[in-house]
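Visitor: Mind having a look at this structure? Questions to follow.
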Amino acid sequence: MTQDGSFPMLSVRSGTKRFGGVLALDEVDVDVFAGEVLAVLGDNGAGKSTLIKCMSGVHRLDSGVIVVDGDPVQMHSPSDARALGIETVYQDLALFDNLSPTANFYAGREMAWPRWLPTGMRLLRRRSMSQVTQEVLDRLQVALPDFEAPVGLMSGGQRQAVAVARATAFVSRLVILDEPTAALGVREAARVLDLIRRLRGEGKAVVVISHAMDHVIEVADRALVMRRGRKVGELTPSEDSREQIVSLIVGGEG
Amino acid sequence: MKERIGRPVEAGQIEPDSTTPSARSRDRMMVGKETAPMHQSAEPPARSDAALRMALFLLRAGPLLILVLLILVIASVTPLFLTTRNIGNVLAQTAVIAVLSLGQLLVIVTRGIDLSVGSTLALATVAGALVFHSGNSSLVVIPVMLGAGVLVGLVNGLLFVKGRIPHPFIVTLATFTLVRGVALWLSDGRPIQEVPQVVQVIGGDSILGWIPVSTFVVAAVAVAVWLLTTRVVWGRWIYAVGGNPEAARRTAIPVSAILVSVYLFSGLTAGIAGVLTAGRTNAGAPTFGALAELDAIAAVIIGGASFLGGRGKVSQALVGAMMIGVIRNAMNLANLDSFFQLIVLGIVIIVAVESDVLRGYLENRLRLIQATRT
């Protein structure tokens, strides 16, 4: 599924990032399209994490540009990325185990009033927040045993689902998922893959980092393989291209 | 392959439509835990489930239940206990612990601790008495006392956040001794008799002959903290910082400001407790509030807040404070030696925290059982 004739939702052009003497990203070009799942593959230290951290505002490129919907952007922090409609689900999920799904959804961006007060002093719009949260969870068909229970009491898959749903609730453009199925059992992983497909169905762009080749083949439309900070290949993942992907990752063929 | 958008049907799933609110609110889970031992679901889950829920309910309500039980037992043994006069006594004796525990609660929710509140209380009483005796209007006395508390709290918060001292225990241990020293120095180590009338009324008077005015102060502080923690964005952030400081940073919550604010508020409660103490005794003294910080911490922990942060309610802190007050009062009524008060209080702390450990274990069990059921 290539996006013929459409503009990329987000592009990285000649993205380069150094950490001391290490060249973590070396002139990397990436396009991410709406309604598409892009897998970023590579061995440890290949530059995958650096790439998505640059996309999500954690790091800044040393050179090169990030273009969102045709406009070059400067992101100085994750909040900047969020303001552009880019949400990230970190590998550690960054959930507040002591808070309910609703409080997790809105942490740091609570619906509150009146607007003339400083943000911290405003009163929470608790009903509106839990309504929206319920709607999002319903839409993504995530069922939770107890809607008001702290997420710390939920299973790994449910927590992952809450984290992904949280990103989904606020994303307008791109969701970045770092190893979304790594800690999950078979059935829970299937649920998360389902969520990813649903996001794509809603016209969002999805970038997934994963080591699980089966999941990549199952869900990704395009795969980008990185090695030592470079993009070494871009192809459509399928059972037929599995061998090729693996050899690109490990560097079997130039 | 990519057309499988619909929800895959799982074996053992009873209700087809789990998206209705009624189904969601029931104890079903959509995501099963593959790794959990499957044989558990073969046992009668409903019964063990109900038993677990019951046990959990009891444990969650534990401190309040124990308090009620305690009151019933004491009342049946000592008829004096439930007289208006004695109830007023308990309330008056508990007021200082209760106010301090409300400040301590917010600190503990952020994974911190404030050891300095007892010393700060003393400093506030001394400062208030000194200002009063130097011929100032009694109107400035209360602001001075509260200001002294806020100042110490601010110093604590800034030392911890900006000075990057690794743990608030160390920061407040230092101010615990430093502030007490300042109070002794300012007062020349002696109590200063007489504080303004208004302070005496707030700290020492009662309404209808038995309801202490200080109880209304406790109630006002409690309502304020309750509103803050349940209705205001700042309060939500306090719990977020306690639950996951790193995630709070990533979601652009002002973590440093939150941390400073809880110590500042704890200092303010110490100032308020200073007003109550000075009013009750009609004096300012550098020795006031000795070990009050430990009472406040004990109250918060007995009430069921987690020392690991992120969990704890206003009602729980108040129950914890009442528990300490009731135990002290009962032992006084029974003419028991104060040695026993210390022993009993220690036991109560252990029982309260052990039951909290048990609660955590049972919650985990319940989660596993629920997860294997799907």
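The values are calculated or read from the model by the stated rules, or taken from the named source; none is laboratory data. Being a predicted model, the structure only gives us computed values, none of them experimental. Reconstructed Cβ throughout: ideal geometry from the backbone, glycine too, with neighbour counts over all protein chains shown.
Visitor: Tell me which of these A:Gln141 doesn't satisfy, since it passes every other one: (1) touching a residue at least 60 places away in the same chain (Cβ under 8 Å); (2) surrounded by fewer than 22 Cβ atoms within 10 Å (Cβ to Cβ); (3) at positive phi; (4) not acidic (Asp, Glu).
Guide: So A:Gln141 meets the others, but not (1).
Visitor: Residues in region B:237-244: is at least one within 13 Å of chain A (Cβ to nearest Cβ), in contact with a Lys or Arg (Cβ under 7 Å, 6 or more places away or on another chain) and closer than 30 Å to A:Phe96 by Cα?
Guide: Here is the first cut: in region B:237-244, the residues within 13 Å of chain A (Cβ to nearest Cβ) are B:237-244.
Restricting the remaining residues to those that are in contact with a Lys or Arg (Cβ under 7 Å, 6 or more places away or on another chain) gives B:242.
Retained after the next criterion (residues that are closer than 30 Å to A:Phe96 by Cα): B:242.
Yes; the residues of region B:237-244 include at least one that is within 13 Å of chain A (Cβ to nearest Cβ), in contact with a Lys or Arg (Cβ under 7 Å, 6 or more places away or on another chain) and closer than 30 Å to A:Phe96 by Cα.
Visitor: Just the residues that are touching a helix residue (DSSP H, G or I) at 6+ places or on another chain (Cβ under 7 Å) and either more than 16 Å from B:Ile324 (Cβ to Cβ) or hydroxyl-bearing (Ser, Thr, Tyr) (or both), please, taken from region B:69-85. Please lay out each step first, then the result.
Guide: Going through region B:69-85, the residues touching a helix residue (DSSP H, G or I) at 6+ places or on another chain (Cβ under 7 Å) turn out to be B:70-71, B:74-75, B:78, B:80-82.
B:Ala75, B:Thr78, B:Leu80, B:Leu82 - these are the residues of region B:69-85 that are touching a helix residue (DSSP H, G or I) at 6+ places or on another chain (Cβ under 7 Å) and either more than 16 Å from B:Ile324 (Cβ to Cβ) or hydroxyl-bearing (Ser, Thr, Tyr) (or both).
Visitor: From the list B:Pro286, B:Pro212, B:Pro191, which residue is buried (at least 21 other Cβ atoms within 10 Å of the Cβ), under 19 Å from B:Phe132 (Cα atoms) and at pLDDT 95 or above? Don't jump to the end; show me each part of the working.
Guide: Details: B:Pro212 fails: under 19 Å from B:Phe132 (Cα atoms); B:Pro191 fails: buried (at least 21 other Cβ atoms within 10 Å of the Cβ).
That would be B:Pro286, the only listed residue that is buried (at least 21 other Cβ atoms within 10 Å of the Cβ), under 19 Å from B:Phe132 (Cα atoms) and at pLDDT 95 or above.
Visitor: Name the one entry in A:Arg200, A:Arg227, A:Arg139 that is within 14 Å of the chain's Cα centre (by Cα) and more than 30 Å from B:Ile238 (Cβ to Cβ). Give the steps one after another, and end with the answer.
Guide: Details: A:Arg227 fails: within 14 Å of the chain's Cα centre (by Cα); A:Arg139 fails: within 14 Å of the chain's Cα centre (by Cα).
It is A:Arg200.
Visitor: Take the residues in region A:222-247 that are touching a helix residue (DSSP H, G or I) at 6+ places or on another chain (Cβ under 8 Å) and not aliphatic (A, V, I, L, M); name whichever of them is nearest to A:Phe19 (Cα to Cα). First the steps, then the outcome.
Guide: First pass over region A:222-247, keeping only residues touching a helix residue (DSSP H, G or I) at 6+ places or on another chain (Cβ under 8 Å): A:223, A:225-227, A:229, A:232-233, A:235, A:237-239, A:242, A:245-246.
If we keep only those that are not aliphatic (A, V, I, L, M) as well, we get A:227, A:229, A:233, A:237-239, A:242.
Values: A:Arg227: 16, A:Gly229: 11, A:Gly233: 23, A:Pro237: 31, A:Ser238: 34, A:Glu239: 36, A:Arg242: 32 Å.
Among those residues, the one meeting the criterion is A:Gly229.
Visitor: Could you tell me how many of the residues in region B:133-147 are in contact (Cβ under 8 Å) with a residue 40 or more places away in the chain and among the β-branched types (Val, Ile, Thr)?
Guide: 2
Visitor: Would you check which residues across region B:301-314 are over 16 Å from B:Leu59 (Cα atoms) and either within 11 Å of chain A (Cβ to nearest Cβ) or at pLDDT 90 or above (or both) and list them? Steps first, answer last, please.
Guide: Of the residues in region B:301-314, the ones over 16 Å from B:Leu59 (Cα atoms) are B:307-310, B:314.
B:Leu308, B:Gly309, B:Gly310, B:Val314 - these are the residues of region B:301-314 that are over 16 Å from B:Leu59 (Cα atoms) and either within 11 Å of chain A (Cβ to nearest Cβ) or at pLDDT 90 or above (or both).
Visitor: Of all residues being within 7 Å of another protein chain (Cβ to nearest Cβ) and out of contact with any Ser or Thr (no Cβ under 8 Å at 6 or more places or on another chain) in region B:225-235, which is surrounded by the most Cβ atoms within 10 Å (Cβ to Cβ)? Just the residue, please.
Guide: Step one: filter region B:225-235 for residues within 7 Å of another protein chain (Cβ to nearest Cβ), giving B:231-234.
Filter once more, so that each one left must be out of contact with any Ser or Thr (no Cβ under 8 Å at 6 or more places or on another chain): B:231-232.
Values: B:Arg231: 15, B:Val232: 19.
For region B:225-235, the residue satisfying everything is B:Val232.
Visitor: Counting just the residues of region A:218-243 that are of a type in the set (Ser, Thr, Tyr) and at pLDDT below 90, which one comes out nearest to A:Gly45 (Cα to Cα)? Walk me through how you get there before you give the answer.
Guide: Here is the first cut: in region A:218-243, the ones of a type in the set (Ser, Thr, Tyr) are A:236, A:238, A:241.
Then drop every residue that is not at pLDDT below 90, which leaves A:238, A:241.
Values: A:Ser238: 24, A:Ser241: 23 Å.
So the residue we want is A:Ser241.
One line per residue, one yes/no per condition, for (1) free of Cβ contacts under 8 Å to residues at least 12 places away in the same chain; (2) part of a helix (DSSP H, G or I); (3) over 22 Å from the mean Cα position of the chain (by Cα):
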site: B:Ile74; (1), (2), (3): no, yes, yes
site: B:Val96; (1), (2), (3): no, yes, no
site: B:Leu102; (1), (2), (3): no, yes, no
site: B:Asp114; (1), (2), (3): no, no, no
site: B:Gly118; (1), (2), (3): no, yes, no
site: B:Ala124; (1), (2), (3): no, yes, no
site: B:Ala127; (1), (2), (3): no, yes, yes
site: B:Val131; (1), (2), (3): no, yes, yes
site: B:Gly149; (1), (2), (3): no, yes, no
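Visitor: Those residues that are surrounded by 24 or more Cβ atoms within 10 Å (Cβ to Cβ) and more than 15 Å from B:Phe169 (Cα to Cα), I need them from region B:117-140; list them, please. Steps first, please.
Guide: As a first pass, look at region B:117-140 and keep what is surrounded by 24 or more Cβ atoms within 10 Å (Cβ to Cβ): B:117-129.
Those that are surrounded by 24 or more Cβ atoms within 10 Å (Cβ to Cβ) and more than 15 Å from B:Phe169 (Cα to Cα): B:Thr120, B:Leu121, B:Ala122, B:Leu123, B:Ala124, B:Thr125, B:Val126, B:Ala127, B:Gly128, B:Ala129.
Visitor: Within region B:167-271, considering only helices (runs of 4 or more DSSP H) that don't extend past its boundaries, which have at least 1 residues that are within 21 Å of the chain's Cα centre (by Cα)? Before the answer, list the steps.
Guide: Numbers: elements: B:168-187, B:197-204, B:213-231, B:233-243, B:245-250.
Once the helices (runs of 4 or more DSSP H) in region B:167-271 are filtered for at least 1 residues that are within 21 Å of the chain's Cα centre (by Cα), what remains is B:168-187, B:213-231, B:233-243, B:245-250.
Visitor: Kindly indicate whether any position in region B:281-298 is within 27 Å of B:Asn244 (Cβ to Cβ), free of Cβ contacts under 8 Å to residues at least 60 places away in the same chain and either under 20 Å from the mean Cα position of the chain (by Cα) or within 14 Å of chain A (Cβ to nearest Cβ) (or both).
Guide: Checked region B:281-298: at least one residue is within 27 Å of B:Asn244 (Cβ to Cβ), free of Cβ contacts under 8 Å to residues at least 60 places away in the same chain and either under 20 Å from the mean Cα position of the chain (by Cα) or within 14 Å of chain A (Cβ to nearest Cβ) (or both).
Visitor: Condition first: on the phi > 0 side of the Ramachandran plot and without any contact (Cβ under 8 Å) to a residue 60 or more places away in the chain. Can you find one or more residues in region B:330-343 that meet it? First the steps, then the outcome.
Guide: Taking region B:330-343 first, the residues on the phi > 0 side of the Ramachandran plot are B:335.
Applying the additional criterion that residues be without any contact (Cβ under 8 Å) to a residue 60 or more places away in the chain yields B:335.
Scanning region B:330-343 turns up at least one residue that is on the phi > 0 side of the Ramachandran plot and without any contact (Cβ under 8 Å) to a residue 60 or more places away in the chain.
Visitor: For residues in region A:125-181 being within 17 Å of B:Asn244 (Cβ to Cβ) and charged (D, E, K, R), which is farthest from the other protein chains (Cβ to nearest Cβ)?
Guide: Checked region A:125-181; the qualifying residue farthest from the other protein chains (Cβ to nearest Cβ) is A:Asp178.
Visitor: May I pose another question? When you scan region B:99-116, do you find a residue that is within 23 Å of B:Trp210 (Cβ to Cβ), touching a Phe, Trp or Tyr at 6+ places or on another chain (Cβ under 9 Å) and surrounded by fewer than 24 Cβ atoms within 10 Å (Cβ to Cβ), even just one?
Guide: No, every residue in region B:99-116 fails to be within 23 Å of B:Trp210 (Cβ to Cβ), touching a Phe, Trp or Tyr at 6+ places or on another chain (Cβ under 9 Å) and surrounded by fewer than 24 Cβ atoms within 10 Å (Cβ to Cβ).
Visitor: Here's a follow-up. What is the residue count in region B:46-86 for residues that are of a type outside the set (D, E, K, R) and buried (at least 16 other Cβ atoms within 10 Å of the Cβ)?
Guide: Quick first cut of region B:46-86, residues of a type outside the set (D, E, K, R) only: B:46, B:48, B:50-52, B:54-59, B:61-84, B:86.
Add one more test, that the residue is buried (at least 16 other Cβ atoms within 10 Å of the Cβ), and what stays is B:52, B:56, B:59, B:62-64, B:66-67, B:70-71, B:74, B:81, B:86.
Summing the residues that are of a type outside the set (D, E, K, R) and buried (at least 16 other Cβ atoms within 10 Å of the Cβ) in region B:46-86 gives 13.
Visitor: Every residue in region A:190-227 that is within 9 Å of chain B (Cβ to nearest Cβ) and of a type in the set (D, E, K, R), please.
Guide: A:Arg191, A:Asp194, A:Arg197, A:Arg198, A:Arg200, A:Glu218, A:Asp221
Visitor: Of the residues that sit in region A:77-122 and are more than 7 Å from chain B (Cβ to nearest Cβ) and of a type in the set (Phe, Trp, Tyr), which one is farthest from B:Tyr239 (Cα to Cα)?
Guide: Here the answer is A:Trp116.
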